[in-house]
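Participant: Quick one: the structure is below, and I'll ask about it shortly.
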Amino acid sequence: MSVEQNKNILRRMIDEGFNQGQVDVLDSLLAPDLVEHQFGLQSTVEGQKKDIQFLHTAFPDFHLTIEEIIADGDKVWARMIAQGTNLGGFMGPPNGKPFKITVFDVCRIKDGKIIEHWGSPDRFALLAQLDMLPKQQKQMAQT
């Protein structure tokens, strides 16, 4: 497959799978023996579908914007912006707070399907923007 075809596979995964929530497209984009390296994501097609559905439940307006996409051989790298609003509950009840973070993904593609994935969302920024980090206690002045 050409590098353009490989980039289009990742674009479809983002546009149709993540942005539109059309999880059935994953059947044609992910290899059945997918190896998932991103912490917290599942290494099966059905598991990936559940992960996307969870995102859309927690953040009904969830959206990924591809800022940059590069391919070389069987690998595709993407830098994206993820954004949404915590309206469905994420690590607790919904708090209505929005987030906008950077995500880096790398996929290895074989025979027209993603066979391996590494992802690195800025989880610290996500938790900070959703006001989910522990609060620093102010030190009391000694008198």
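Participant: How much length would be gained if the chain were fully extended between residue 24 and residue 104, taking 0.36 nm per residue of separation minus their Cα-Cα distance, in nm to one decimal?
Facilitator: Working: separation 80, 0.36 × 80 = 28.80 nm, distance 2.35 nm.
So the extension gain works out to 26.5 nm.
Participant: I need the Debye-formula profile for region 9-51: one equal scatterer per C-alpha, no solvent, reported as log10 I(q)/I(0) at q = 0.17, 0.27 1/Å, two decimals.
Facilitator: Treating every Cα as an identical point scatterer, log10 I(q)/I(0) equals -0.40, -1.00.
Participant: Check cross-link reach from residue 100 to the lysines: straight Cα distance under 24 Å, and skip same-chain residues fewer than eight apart.
Facilitator: 7, 49, 50, 135
Participant: Count charges around residue 61 for me, please; just the other residues with Cβ under 13 Å from its Cβ, Lys/Arg as +1, Asp/Glu as -1. Write out the running numbers ahead of the final one.
Facilitator: On the way: positive: 97, 100; negative: none.
Once all neighbours under 13 Å are counted, the net charge is +2.
Participant: Also, quick follow-up: Starting from the 7 Å offset along Cα-to-Cβ, what nm value, one decimal, do you get for the label separation of residue 54 and residue 37?
Facilitator: With each label point 7 Å from Cα toward Cβ, the separation is 2.1 nm.
Participant: Further question: Add -39500 (n - 2.57) for each DSSP H run of 4 or more in the chain, then divide by its residues: what number comes out at 222 nm, to the nearest 500 deg cm²/dmol?
Facilitator: Working: 4 runs with 35 residues, N = 143.
Dividing the helical sum by the residues of the chain leaves -7000 deg cm²/dmol.
Participant: While we're here: Just the ratio, please: alpha-carbon radius of gyration of the chain over 2.2 N^0.38 Å, N its number of residues. Before the final figure, lay out the partial values.
Facilitator: Details: Rg = 17.4 Å, N = 143, 2.2 N^0.38 = 14.5 Å.
Against the empirical 2.2 N^0.38 Å value, I get 1.20 for the chain.
Participant: Have a look at 65, 85, 43 and report the one farthest towards the positive end of the charge dipole of the chain, computed about the Cα centre with Cβ charges (Lys/Arg +1, Asp/Glu -1).
Facilitator: It is 85, whose Cα lies furthest towards the positive end.
Participant: So what's the angle, to the nearest 10 degrees on a 0 to 90 scale, between helix 3-12 and the longest Cα principal axis of the chain?
Facilitator: Result, in degrees: 50.
Participant: Shifting gears a bit: What translational D, rounded to a whole number of µm²/s, comes out for region 65-143 from Stokes-Einstein when the hydrodynamic radius is the Kirkwood one over Cα pairs, at 10 °C and 1.306 mPa s?
Facilitator: Working: Rh = 15.2 Å.
After rounding, the answer is 104 µm²/s.
Participant: Can you give the angle from 0 to 90° between the axis of helix 45-58 and the longest principal axis of the chain, with both taken from C-alpha atoms, to the nearest 10?
Facilitator: 40
Participant: Under a point-charge model restricted to the Cβ atoms of Lys and Arg (+1) and Asp and Glu (-1), what is the dipole moment magnitude of the chain relative to its Cα centre, in debye to the nearest 20?
Facilitator: On the way: 15 positive and 19 negative charges, 124 e Å.
Computed about the Cα centre, the dipole is about 600 debye.
None of the figures in this text is laboratory data; all of them are computed from the coordinates on show. Source: prediction; values computed, not measured. So basically every Cβ, Gly included, is an ideal-geometry build from the backbone, and we count neighbours across all protein chains shown.
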